[in-house]
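Heads up, the thing below is written out as structure tokens.
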Amino acid sequence: MKKDAFKSPGRASTPEVDKLPRVGEALVHMGAQKFQWSFDKVDWGGPYCWSTVSAEKILKEVIPRLKLLEQSNWAEVQSTGSHAIEIENLIQAAQNRIKELYDDQCDSVYSLRIQGKERVFGVKDMAVLRILWWDPKHEVCPSKKKHT
């Protein structure tokens with residue numbers, strides 16, 4: 001047996017105040033994380049479920065877009081028109097469905113712009129977008145036009 005196998009643990013030093021992360025730095029760091037996605041929480045039964053989307057659409061347009069975004073960090077993804085949306089800003093059907101799926105444990109969803117009006121909705125879990133819905137007509141959270 002190695003002689004140093006039973007060493008007692010050293011004392012942890014108290015970090016200096018100027019070495020603690022600042023809130024702004026933490027947010028910048030979150031934006032710097034690489035975009036990742038997962039289909040592990042996909043909604044197969046709600047009004048915006050994936051069973052309504054053709055396999056061709058998924059394979060030729062949606063997945064290639066998601067793969068392209070994997071080369072980006074979250075700050076870059078957000079610059080494409082993608083953004084978080086508070087649950088209360090969704091249409092009622094989407095609010096009801098997210099409550100069914102997440103039992104009021106979810107405050108917001110993330111709208112990921114695919115092209116034109118087409119959106120993928122998911123729940124952001126750290127750097128991973130856990131994909132939920134397909135919204136081809138931008139109906140889950142319609143844009144509010146200015147000056148109307």
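Before moving on, here are some points about what is shown:
- Residue match in segment 96-114 (condition: at positive phi and open to solvent by 90 Å² or more (accessible area, probe 1.4 Å)): yes
- The one condition in (1) in contact (Cβ under 8 Å) with a residue 24 or more places away in the chain; (2) under 15 Å from Ile131 (Cβ atoms); (3) open to solvent by 50 Å² or more (accessible area, probe 1.4 Å); (4) under 15 Å from the mean Cα position of the chain (by Cα) that Glu61 fails to fulfil: (4)
- Segment 71-84 - residue that is surrounded by fewer than 16 Cβ atoms within 10 Å (Cβ to Cβ) and not polar (S, T, N, Q) and, of those, farthest from Arg113 (Cα to Cα): Ala75
- Filtering segment 35-57 to residues that are assigned to a loop (DSSP other than H, G, I, E, B) and of a type in the set (A, V, I, L, M, F, W, C) leaves Phe35, Phe39, Val42, Trp44, Cys49, Val53.
The values are calculated or read from the model by the stated rules, or taken from the named source; none is laboratory data. Just so it is clear, the model here is predicted, and its values are computed rather than measured. Glycine gets a Cβ as well: all are built from the backbone with ideal geometry, and neighbour counts include every protein chain shown. Side chains included, ligands, DNA and RNA excluded: accessible areas come from the protein's heavy atoms. Shrake-Rupley method; radii C 1.70, N 1.55, O 1.52, S 1.80 Å.
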